[in-house]
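Structure first, then comments.
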Amino acid sequence: MKSAIVLARSLGLCAGLALALASSANAQTLRCGPFAPEPAAAAPRTAESAVKRFEQIKATVKTEPYRVLFLGDSLTERFDPVVWREHMAPRGVLNSGVNGDRTENLQWRLRHGNLDGPPPAAAVVLIGTNDLTNGGTPRSPAAAAEGVRQDLIYLRQHLPRARIVLLGLWPRSVSPEARLRRDTVAVNRYLRECGDGQWVAYGDIGGVLLEPDGRLSPTIAPDALHFTEAGYRRLIPQLDKLVDWALGR
């Protein structure tokens, strides 16, 4: 009788462990892609400003308290400071953007120190617009989206308990008919497949930056890429909600 009880308990523990492992594995997978073959390999930046910024983030994650990592490129690094202080800072969000980064550069940063601090409760990812134009031959929307997907995979594997807010690319170029505008829309069609509402929330919030005719106003984006305080104030109500979701608020 005792042997039967011990066996039953052992089987129960094994079943529980198997369920836990399966749940953990499911939590670390993505429902989307692959979108393109042979994604770009993780690669560091060599520009002095990018190296300095990388080292700054690497030190900050080890020394300053935070709850959320906001990972990205210049659209994150150059987030309007007034809006950031009012909305992101009180939520414990750490600005982890590097001007000019592409998806493979973010991948390298994640692998080489920008995750070396205490695991965050959540992450926000806004990356990929530079894949379409900056630092080399422009990539196709599918290739850019696959680069983002590779970053997400790494985050899910190394931050399995963190919720992730995946932001769709924000609009660029004045005209809705411009190539870069159409490419950002195409990338977002891929990325929205990655949201599962449990571990990854996809947020395509960039539409609020546009005028009724679909154009990007110079008062919102003087260079048709980076945004003024007015632009970030348009974005922040939806961004606040997404960060609050990630924090379980």
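Every helix of 4 or more DSSP H residues in the chain counts as -39500 (n - 2.57), and over all residues that averages to -13500 deg cm²/dmol at 222 nm. Karplus-derived 3J(HN,Hα) values for the range 42-47, using 6.51 cos²θ - 1.76 cosθ + 1.60 with θ = phi - 60°, are 3, 8, x, 8, 10, 4 Hz; glycine and proline are entered as x.
Other residues within the sphere of radius under 13 Å centred on the Cβ of Val51, judged by their own Cβ, net out at +2 (K and R +1, D and E -1).
The 3J(HN,Hα) values that the Karplus relation (6.51, -1.76, 1.60; θ = phi - 60°) gives for the range 89-95 are, in residue order, 4, x, 8, x, 8, 9, 6 Hz. Gly and Pro appear as x.
About the centre of its Cα atoms, the range 42-246 shows a dipole size close to 320 debye [charges on the beta carbon of Lys, Arg (+1) and Asp, Glu (-1) only; nearest 20 debye]. The listed peptides 178-186, 70-78, ordered by packing as a protection proxy, come out as 70-78, 178-186 (highest mean of other Cβ atoms within 10 Å first).
Relative contact order, whole percent, for the range 96-249 stands at 22, derived from Cα pairs under 8 Å and 6 or more residues apart.
By the rule of a C-alpha distance below 14 Å, with chain neighbours fewer than 8 residues away ignored, the aspartates and glutamates paired with Lys62 are Asp116.
Among 219-228, 234-243, the peptide with the highest mean count of other Cβ atoms within 10 Å heads the list, and the full ranking is 234-243, 219-228. Each residue of the range 209-218 is assigned a 3J(HN,Hα), and the resulting list reads 7, 8, 7, x, 8, x, 8, 9, 6, x Hz, derived from the Karplus form 6.51 cos²θ - 1.76 cosθ + 1.60 (θ = phi - 60°), x at Gly and Pro.
Loop-located GluC sites (Glu not before Pro) across the range 140-249 with a Cβ neighbour count of 14 or fewer within 10 Å are Glu177, with loop assigned by DSSP.
Over the C-alpha atoms of the chain, the Rg to Rh ratio, Rh being the Kirkwood estimate, stands at 1.05.
Annotation: peptides 121-133, 36-48, 198-210, ranked by per-residue average of other Cβ atoms within 10 Å with the highest first, follow the order 121-133, 198-210, 36-48. Computed from the Kirkwood radius of its Cα pairs, the Stokes-Einstein diffusion coefficient for the range 133-178 at 20 °C and 1.002 mPa s stands at 166 µm²/s.
Read the figures in this text as sums done on the coordinates, not as results from a lab. Everything quoted here is computed from the prediction, not taken from an experiment. All Cβ positions, even for glycine, are placed from backbone atoms using ideal geometry, and neighbour counts span all protein chains on display.
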